Amino acid sequence: MVKGTATALDGRAGGQAGGAERPHISLPVIGTLTVPPPDRLVFYGVLGVLGALGVVEWPLVLVVGIGHYLTEQRFSPFLREAGQAAEAA
């Protein structure tokens, strides 16, 4: 399911800058993910091209891409739950 949310100009949730809507994607196991703004999509595209050309190895591309995306999802319920599970372990 895709939903929208209001965001600030710098991509932080909760702002009402111009009423911009960013879509959300709900995944069964992971939770709700926010689609990144266009400038960050360019980053992921360049990272993918570097992997496709062999400039950067694919495992590194995946780690950097996933890590970058997860740092953007500061308030993600999945990350909160993973952090609580890590603290409990």
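Is there a residue in the stretch 68-77 that is among the small types (Gly, Ala, Ser) and assigned to a helix (DSSP H, G or I)?
No, because not a single residue in the stretch 68-77 is among the small types (Gly, Ala, Ser) and assigned to a helix (DSSP H, G or I).
Looking only at the stretch 3-48, filter to residues that are farther than 16 Å from Ile66 by Cα and hydroxyl-bearing (Ser, Thr, Tyr); which one of those is modelled with the highest pLDDT?
Out of the qualifying residues, it is Ser26.
The values are calculated or read from the model by the stated rules, or taken from the named source; none is laboratory data. Quantities reported herein were computed from a predicted structural model and do not represent experimental measurements.
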